[in-house]
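Chemist: Here you go, one structure.
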Amino acid sequence: MTSQLIKKENKVLTVALLGNPNSGKSTVFNALTKLRQKVANYPGVTVEKKLGRMVLSDERIVNVIDLPGTYSLAVRSPDEKVAHDVLMGRMKDTCRPDVVVCIVDASNVERNLFLVSQILDLGLPVIIALNMMDEMALEGREIDVKRLAAALGVPVVPMVASKGKGVDELKRAIVEGGHCPPQRRWVMPELMEKEVEKLVAWLIEKKGFDRKEAFSEAVIGISKANIDKDSSVDLHWIKQIQDARGKLVQAGIDWRSAAIEARYAAIHQTLDGVVKQRPNQKTTITQRLDAILTHKILGWLFFIAVMAGMFYTIFSVASYPMDWIDKGFSFLAEITRTRFPEGDLRDLLVDGVIAGVGGVVVFLPQILILFFFICLLQDTGYMARAAFIMDRLMSRVGLHGKSFIPLLSSFACAIPGIMATRSIESPKDRLVTILVAPLMTCSARLPVFTLMIAVLMPGTSALQKAGIMLTLYLLGIVGAIGVAWVFKKTLLRSPTPPFIMELPPYRCPSIKGIFLHMWERSGLFLKKAGTVIFALSILLWALMTYPKQDQLISGEALKHSFAGKVGVMLEPAIKPLGYDWRIGIGLIGSFAAREVFVSTMSIVFNIDEDMEIGSLRDAFLKAKWPDGRPLFTPLACVSLMIFYIFAMQCVSTLAVVRRETNSWRWPLFQLVYMTVLAYMLALIVFQGGRWLGWQ
């Protein structure tokens, strides 16, 4: 067949990658584009738009779109709507693709071909990238690639994208152009075929669709359970759908499943003789591991052990580079003191910029280790098992097990966790997950907890510190699940949806991919330290320095500064929690970002005590109330950690919630409920501890 791409030599061509989740689509995307990528949002929606450029052998440039992973083109979530609209050519600023590359997981070929059959209905040129052929071989199965290509009528390229196998062959297939079978290869019940044809005729006449586009829309429309609840759908179209469904019901045909069953019947016929099982195949490694890791008791024990191991590594391995960074900033501060004359400029650089930025950057090794573990769990396939074992708990509070994936992502940062809720079909379940995601202990809280643990237990081992950190993370999980239960029983009541989740086979992670992700995250963290925290450090230094009170000692001068006056105003409200006005300054500063609490305290206590950059813990231990009592008692440290577990101390998260919910109502509600919850729990802990005689 003559290449459609070659015919369009003077046009910038577009190739769309589409496939089920866990099919290796992102790996194929990275292999084709070689990281010549950019990420933005589709116009008018919050779904990420991943674009890349691929250079062909004749030096032509091809735009590659990585569409959101989906199991079907039936629109039930924002991600699925984007994939559907791009393929239909209805997405603004995104042209309809010239070729669609369907990424198919060879080890789950039957299920993956369901989406392929829907794409073939659209009349677009298609290439199938049959990925993960090595995993299928490990399972003792084989695929006759040539026979599959002949049965489907499209090119099929076998691949192991994680190892670079088949990438060049896929590029050649793109150059040659994809195919679209001339006729549909699956058949519905006769009455349903007639009703679909009526809907097709209506769409062609009233909406101007071409035939194949109209057929796809008609089949999806007649089978989609909630189309009559979608306010964006034409009421006349809904009436046509309802009339067709009524006739099918009278004939005893289930309109929900008839098309699905017809597609799978054709898929079974297609795969007959194509997929072969080797005799006497032993139990796979995945099956043996899942017998342990998804066990109702052993699975939980392993999950807790993994978390404990992660935190132990954070406190043991990270301590060495943290000391190096700390000494580096101390050296920089000392050089600045000797090179600059005494005055406001030197104080700004040493006590503001170096103390503020250095107080946060020192925690970079711990954050990188956290991201390393999260990427490792995702790439090996264990993250899906964690969601599986958590579903038993999630279902008790009325949430979908799928909600736990965004919640787990929130361990790194609540923002990508909230964005990951787009795959949740139920609007109410999605909203509940968004509202509780910030309760999961994100990496921004790590500097606060590390500092508090160091003050609380200065002589403890890394293992003991890891145990405390694990407890804090578990408190966040329990808090998120508890609040979700309340919302599901009150504000956002809805039935518990069934949970069907694919457990991908265990895979050897790509170390290169993990380190690339860590590099990206470190860049974002340092960018924040170099911009947001840098700017806030300067602002906070100014607020804590002016108006000048040269006649007062440093502590009193800080108290009479702009920031000090705000802290003093706040002190009556936070004193019952065990905090004074200086901690109040930190709470206000950390509203921009949780980790800013540490940089704010670095500035506060460098001004107050003229401490070295690495001595913040010692400054905390020496801090006193006016009557001489220690400020940072063990009880006050625990109260502060409880507050930061549950408080919404992140403006960026609120902005993302506003964007995802398209309203200020929910982020403001989230801010209020989390602040009240954090305050009340910290109050109970501190006052309850004092009543019991604790310090």
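The values are calculated or read from the model by the stated rules, or taken from the named source; none is laboratory data. On a predicted model such as this, the values are computed, not experimentally measured, just so you know. Here the Cβ is made from the backbone with ideal geometry for all residues, glycine too, and neighbour counts use every protein chain on show.
Chemist: What's the number of the only condition in (1) over 21 Å from residue 447 (Cα atoms); (2) in a loop (DSSP other than H, G, I, E, B) that residue 686 fails to meet?
Modeler: Here residue 686 meets the rest and fails (2).
Chemist: State yes or no: is residue 251 modelled with pLDDT of 85 or more and over 29 Å from the mean Cα position of the chain (by Cα)?
Modeler: yes
Chemist: In addition: If residue 120 passes every condition in (1) out of contact with any helix residue (DSSP H, G or I) (no Cβ under 7 Å at 6 or more places or on another chain); (2) of a type in the set (A, V, I, L, M, F, W, C); (3) free of Cβ contacts under 8 Å to residues at least 60 places away in the same chain but one, which one does it miss?
Modeler: All conditions are met except number (3).
Chemist: Out of (1) surrounded by fewer than 13 Cβ atoms within 10 Å (Cβ to Cβ); (2) among the small types (Gly, Ala, Ser); (3) in a helix (DSSP H, G or I); (4) at pLDDT below 90, the odd one out for residue 216 is which?
Modeler: Of (1) surrounded by fewer than 13 Cβ atoms within 10 Å (Cβ to Cβ); (2) among the small types (Gly, Ala, Ser); (3) in a helix (DSSP H, G or I); (4) at pLDDT below 90, only one is false for residue 216: (1).
Chemist: Restricting attention to helices (runs of 4 or more DSSP H) lying wholly within the stretch 289-355, give those where 1 or more residues are among the aromatic types (Phe, Trp, Tyr) and closer than 23 Å to residue 442 by Cβ.
Modeler: In the stretch 289-355, the matching helices (runs of 4 or more DSSP H) lie at 298-316.
Chemist: Please find, among 331, 373, the residue that is aromatic (Phe, Trp, Tyr), surrounded by 15 or more Cβ atoms within 10 Å (Cβ to Cβ) and over 20 Å from residue 594 (Cα atoms).
Modeler: Sole residue among the options that is aromatic (Phe, Trp, Tyr), surrounded by 15 or more Cβ atoms within 10 Å (Cβ to Cβ) and over 20 Å from residue 594 (Cα atoms): 373.
Chemist: I'm told residue 36 meets every condition in (1) within 17 Å of the chain's Cα centre (by Cα); (2) modelled with pLDDT under 85 except one. Can you identify the failing condition by its number?
Modeler: The failed condition is (1).
Chemist: Just one of the numbered conditions (1) of a type in the set (A, V, I, L, M, F, W, C); (2) loosely packed, with under 15 Cβ neighbours inside 10 Å; (3) touching a residue at least 12 places away in the same chain (Cβ under 8 Å); (4) in contact with a Lys or Arg (Cβ under 7 Å, 6 or more places away or on another chain) is not true of residue 304; which one?
Modeler: Condition (4) is where residue 304 drops out.
Chemist: So residue 142 ticks every box in (1) assigned to a helix (DSSP H, G or I); (2) under 37 Å from the mean Cα position of the chain (by Cα); (3) of a type in the set (D, E, K, R) but one. Which box is left unticked?
Modeler: (1) is the only condition that residue 142 fails.
Chemist: Please pick out the residue among 588, 574 that is at pLDDT 80 or above, over 30 Å from residue 337 (Cα atoms) and in a helix (DSSP H, G or I).
Modeler: 574 is the lone residue from the list that is at pLDDT 80 or above, over 30 Å from residue 337 (Cα atoms) and in a helix (DSSP H, G or I).
Chemist: Can you tell me which residue among 253, 314 is surrounded by 13 or more Cβ atoms within 10 Å (Cβ to Cβ), farther than 30 Å from residue 391 by Cα and touching a residue at least 40 places away in the same chain (Cβ under 8 Å)?
Modeler: 253
Chemist: Quick one: would you say residue 433 is crowded, with 19+ Cβ neighbours inside 10 Å and modelled with pLDDT of 80 or more?
Modeler: So residue 433 fits the description; yes.
Chemist: Would you mind telling me which numbered condition in (1) modelled with pLDDT under 85; (2) crowded, with 17+ Cβ neighbours inside 10 Å residue 15 fails?
Modeler: All conditions are met except number (1).
Chemist: Looking only at residues that are of a type in the set (Phe, Trp, Tyr) and under 16 Å from residue 598 (Cα atoms) in the stretch 506-535, which one is modelled with the highest pLDDT?
Modeler: 534
Chemist: May I ask you to verify whether residue 476 is at pLDDT 75 or above, in contact with a helix residue (DSSP H, G or I) (Cβ under 7 Å, 6 or more places away or on another chain) and at negative phi?
Modeler: Considered against the rule, which asks whether it is at pLDDT 75 or above, in contact with a helix residue (DSSP H, G or I) (Cβ under 7 Å, 6 or more places away or on another chain) and at negative phi, residue 476 comes out as yes.
Chemist: Consider residue 420 against the criteria (1) assigned to a helix (DSSP H, G or I); (2) modelled with pLDDT of 80 or more; (3) under 27 Å from residue 524 (Cα atoms): it satisfies all of them except one. Which criterion is unmet?
Modeler: (2)
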